[in-house]
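Here the structure is laid out as structure tokens; the discussion comes afterwards.
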Amino acid sequence: MVSIAGGTVTPTNGQAQATVGKPIVLQVTSDDADQLHVHSIPEHTFSIEPRPDQTFEFTVDVPGQVDIELHDLNRTVVTIQVRP
């Protein structure tokens, strides 16, 4: 769960693991609009709205390290280690 409130992001610089081709789901609650960028192959961008309980789902096709960042707040939310 990602929370954005008053410009504060929780968590920041989190760590997680995933598997290539398996769905990764992020749940976001925010009081402001932003964009969530997933730096993976393929790349993904999601528009965050100022509302609770938003769900974003994606897959990653190539193993490695994937950073998920908030564009406007310039914060890394989580780095996912994607295994084959």
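Listed here are the residues, each with its yes/no results for (1) crowded, with 16+ Cβ neighbours inside 10 Å; (2) part of a loop (DSSP other than H, G, I, E, B).
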| site | (1), (2) |
| --- | --- |
| 22 | no, yes |
| 27 | no, no |
| 36 | yes, no |
| 42 | no, yes |
| 55 | no, no |
| 60 | yes, yes |
| 77 | yes, no |
| 82 | yes, no |
Here the residues within the stretch 48-84 that are among the polar types (S, T, N, Q) and closer than 18 Å to residue 10 by Cβ are 54, 55, 74, 76, 79
Subset of the stretch 1-20, residues of a type outside the set (A, V, I, L, M), within 14 Å of residue 79 (Cα to Cα) and part of a strand (DSSP E or B), comes to 10, 14, 15, 17, 19
What do you reckon, is residue 41 β-branched (Val, Ile, Thr) and more than 12 Å from the chain's Cα centre (by Cα)? yes
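Computed from the coordinates by the stated procedures, all read-outs in this text should not be read as laboratory data. Model, not experiment: these values are computed from the prediction. All Cβ positions, glycine included, derive from the backbone under ideal geometry; neighbour counts span all protein chains shown.
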